[in-house]
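Visitor: Let me give you the structure first, and then I'll get to my questions.
The values are calculated or read from the model by the stated rules, or taken from the named source; none is laboratory data. Because the structure is predicted, anything quoted here is derived from the model rather than measured. Quick reminder, even Gly has a Cβ in these numbers, built from the backbone with ideal geometry, and neighbours come from all protein chains shown. Ligands, DNA and RNA are stripped out before the accessible areas are found, and what is left, the full protein with its side chains, is counted by its heavy atoms. Shrake-Rupley method; radii C 1.70, N 1.55, O 1.52, S 1.80 Å.
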Amino acid sequence: MSFNFEIFEIWDLGFGIWDLRFEIRSPITKFQVSNFKFRVSNFKFRVSSFEFQISSFEFQVSSFKFRVSSSEFQVSSFKFQVSSFEFQVSSFEFQVSSFKFQVSSFKFRVSNMTKFFNTTGPCRPEIHYMADPLSRLPMVRELIEDQHYFVLHGPRRTGKTTYLYALMNQLSQEGKYSALTVNIQPAASVQNPTRAMIMVADAICNKARRHLPEKEWPEPVENLDQDMLARGQLQRYLNLWAEKNPKPVVLFIDEADSLPDELFLALLRQLRAGFEDRPHGFPHSVALAGLRLGINALLNIKTPSLLLDAFTLSETDALLNQHTAETGQIFTREAINEIFRLTRGQPWLTNTLVRETITEILKNDFTKEITPAHVARARKALVRERKTHLDNLIGKLKESPVKNVTEALISGEFLQSDRLEDLTYLQDFGLVTRELPIKFANPIYTEIIPEALSYCWKVSFSQELVYEKKYIKNGLLDIDSLISAFQEFYRHHSEIWLERFEFCEIGRQLLFIAFLQRIVGTEAMFEYEMELGSRHLSLLLEFASERFAMELKLQRNRYSEDEGLKEIVRYLNRIGMDQGYLILFETNSQIPWEECTYRLDSQIPWEKRIYRKEITHEGKKIIFVGM
């Protein structure tokens with residue numbers, strides 16, 4: 001513990017401090033007082049700049065008294081950051097009749113506190129748990145050594161920026177290169193290519209001043225001939241920097257594809273024009289980071305694009321073990337497997353799910369072992385609250401490429417040949433898998449997307465129709481009554497509700513899902529299975545101690561019922577259940593009724609279109625529900 005008083009002055013029952021620094025460095029700070037009394041006759045407190053940063057803070061008071069008859073307290077700048085700090089007082093009295101206290105600069109920092117799981121911005125190793133970013137793409141070092149210009153792409157929130165900063169820091173520490181990471185997204189706000197490139201140059205200059213020694217700085221943009229810079233734009237600026245710099249320049253351009261197409265192409269052309277002057281007259285190596293593919297062709301280079309994708313199971317293990325090593329809190333093997341299953345290693349989801357479990361579910365009680373039950377509760381909260389990254393995904397659902405692929409996935413239909421670019425777009429964005437069969441990228445996305453699309457329906461059902469006590473009795477769900485009630489609703493209202501729904505190809509399934517969700521609320525767990533070409537949607541509803549398996553299928557032809565029967569039996573075998581529901585939604589009115597016993601033709605009265613039957617097939621009880 002150290003104090004530094006640069007000016008200390010006492011005058012007329014008061015004292016002033018012009019510069020006070022108070023620092024505590026310890027893994028966990030505890031401040032305990034058993035009995036404290038403080039009396040002053042005249043009190044004034046003024047602060048012009050105050051910073052207070054703590055990573056661990058707990059404050060407990062059993063008895064506290066504070067009395068002031070005359071007090072002035074002024075602060076012009078105050079920063080207070082706390083993660084964990086312990087402050088215990090059993091008896092504290094503070095009485096003031098008149099007191100003056102003036103501080104022009106005050107800083108209070110506590111270091112070496114418990115790290116946490118980061119969910120916003122790049123990770124910083126001194127305060128965040130993080131998987132080793134450099135081990136995720138070890139081949140990059142060889143590309144840099146060989147003076148390549150290359151592309152680093154991957155879905156959002158997968159750690160690209162964290163990786164670039166880690167690589168920049170490592171290269172800088174080694175001393176061979178002048179390495180710099182710069183985010184050029186602000187340049188996307190202008191339309192003029194010349195102005196945009198000058199903004200990129202200015203961003204490079206500002207970042208260099210923060211991360212590089214002065215002798216490696218480029219010239220400030222304002223010091224250069226603006227006409228010359230406008231003609232040469234970014235290419236000329238990078239020429240001058242490389243020529244002046246005593247080391248080869250390695251430049252990482254983050255958010256490169258955030259620029260509009262015209263500006264993006266202008267950037268690529270200038271990099272290509274300067275490529276042959278490297279390493280003494282242009283950057284030795286350049287990496288462009290973003291979502292897009294196909295940049296290499298525009299750069300006239302043959303280096304393959306590098307994909308920074310999700311964590312592996314071993315990387316997830318290593319990440320969680322850091323928390324265990326620091327706090328002693330244990331994740332059961334089953335909990336780790338469940339975290340990975342739900343997130344499929346998506347870095348932001350992994351960090352958010354774990355942080356929700358530790359801070360919200362367990363209230364930072366590190367003595368409690370983390371189990372799958374805790375993870376399940378955190379999952380519910382995550383889906384319900386739709387944190388920033390999830391909201392961004394939902395916001396993209398109405399984009400035409402996203403809509404086309406989403407409809408095909410939920411309905412299980414095939415993707416038409418002219419939609420392959422749509423599929424690539426969703427894979428680059430991280431919404432669907434790259435490997436076959438094509439599915440949503442993880443179970444959390446799979447759960448939240450149907451809920452988001454059907455949310456307006458969910459809140460529009462009349463309370464009388466979805467009154468939960470009609471279907472939940474003695475804590476158990478009467479699923480048969482629920483399905484019957486939906487059939488009746490569907491009979492009277494489906495046409496009007498569906499005709500105005502934007503996602504018409506999957507409206508029937510989503511209407512049923514919305515009905516289920518409205519009744520069981522947040523008490524239930526939904527597990528979906530959807531994939532391109534499957535021609536059905538599998539749904540497992542878990543409520544209280546019961547599980548209900550369902551197959552939702554569009555009845556497009558005379559073979560749909562037989563296909564559905566095989567599908568529900570396979571699903572029941574896979575999840576280890578003996579009973580399930582096959583729910584068939586009629587779509588085609590062209591086949592005459594008499595050609596299929598349970599065919600639902602639009603000319604047939606609704607009384608015959610709505611049906612239910614039960615059969616036993618391959619040892620499984622199957623309930624057919626038609627509508």
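Visitor: As a test, work out the antiparallel percent of DSSP beta bridges whose residues both lie in the stretch 479-593, rounded to the nearest 5.
Guide: If I count the DSSP bridges inside the stretch 479-593, around 65 percent turn out antiparallel.
Visitor: Going by average Cβ neighbours within 10 Å, how do the peptides 481-488, 522-529 rank, with the highest at the top?
Guide: Numbers: 481-488: 18.1, 522-529: 16.4.
By packing density, highest mean first, the sequence is 481-488, 522-529.
Visitor: Got a sec? What order do 217, 457, 241 fall in by accessible area at 1.4 Å, biggest, i.e. largest, first? Display every interim value, and only then the final one.
Guide: Numbers: 217 50, 457 25, 241 5 Å².
In descending accessible area the options line up as 217, 457, 241.
Visitor: Assigning unit charges at the beta carbon (Lys, Arg +1; Asp, Glu -1) and nothing else, what dipole magnitude in debye, to the nearest 20, does the stretch 478-571 show about its Cα centre?
Guide: The dipole magnitude comes to about 260 debye.
Visitor: Okay, next question. So which trypsin sites (Lys or Arg not before Pro) in the stretch 465-507 are both in a DSSP loop and have at most 13 other Cβ atoms within 10 Å of their Cβ?
Guide: Values: sites: 469, 470, 473, 491, 500; in loops: 500.
Qualifying residues, ordered by number: 500.
Visitor: Debye calculation, C-alpha points only, no solvent: report log10 I(q)/I(0) for the stretch 128-193 at q = 0.16, 0.18 Å⁻¹, in the same order as the q values.
Guide: -0.66, -0.81
Visitor: What is the local net charge at residue 415, summed over the other residues whose Cβ is closer than 15 Å to its Cβ (Lys, Arg +1; Asp, Glu -1)?
Guide: On the way: positive: 403, 419, 434, 439, 535; negative: 407, 413, 418, 421, 422, 505, 531.
With Lys, Arg at +1 and Asp, Glu at -1, the neighbours total -2.
Visitor: Leaving out ligands, DNA and RNA but keeping every protein chain, what accessible area does residue 447 have, in Å² rounded to the nearest 10, with a 1.4 Å probe?
Guide: Ignoring ligands and nucleic acids, residue 447 comes out at about 20 Å².
Visitor: Residues with beta-carbon under 14 Å from that of residue 570, excluding residue 570: net charge, scoring Lys, Arg +1 and Asp, Glu -1?
Guide: Values: positive: 535, 553, 566, 574, 620; negative: 529, 531, 551, 562, 563, 567, 578, 618.
Here the charged neighbours net out to -3.
Visitor: Nearest 0.05, what FRET efficiency do residue 523 and residue 225 give at R0 = 56 Å with Cβ-Cβ as r? Spell out each step's value before the answer.
Guide: Numbers: r = 69 Å, r/R0 = 1.23.
It comes out at approximately 0.25.
Visitor: Using a Förster distance of 30 angstrom, determine the FRET efficiency expected from the C-beta separation of residue 124 and residue 314, and round it to 0.05.
Guide: Working: r = 23 Å, r/R0 = 0.76.
Result of the calculation: an efficiency of 0.85.
Visitor: Can I ask one more? What pairs in 473/553; 380/439; 398/553; 115/363; 380/473; 473/621 have C-alpha atoms more than 25 Å from each other?
Guide: 473/553
Visitor: Here's a follow-up. Below 11 angstrom from the Cβ of residue 165, what's the summed charge of the other residues (Lys, Arg +1; Asp, Glu -1)? Don't jump to the answer; show the numbers that get you there.
Guide: Working: positive: 124, 160, 207; negative: 254.
Local net charge: +2.
Visitor: Next question, about the same structure. Cβ neighbours within 10 Å, averaged per peptide: list 572-582, 549-559, 155-165 in order, most packed at the top.
Guide: Details: 572-582: 16.4, 549-559: 19.9, 155-165: 21.5.
Highest mean packing first, the order is 155-165, 549-559, 572-582.
Visitor: Let me ask you something else. Taking amide H positions as placed 1.01 Å from N in the peptide plane, with prolines and chain starts having none, which residues 5 or more places from residue 624, or on another chain, fall under 5 Å of its amide H?
Guide: 582, 613, 614, 615
Visitor: Pick out, from 462, 477, 440, the residue whose Cα sits farthest towards the positive end of the charge dipole of the stretch 361-513, with +1 on the Cβ of Lys and Arg and -1 on the Cβ of Asp and Glu.
Guide: Most positive-ward Cα: 477.
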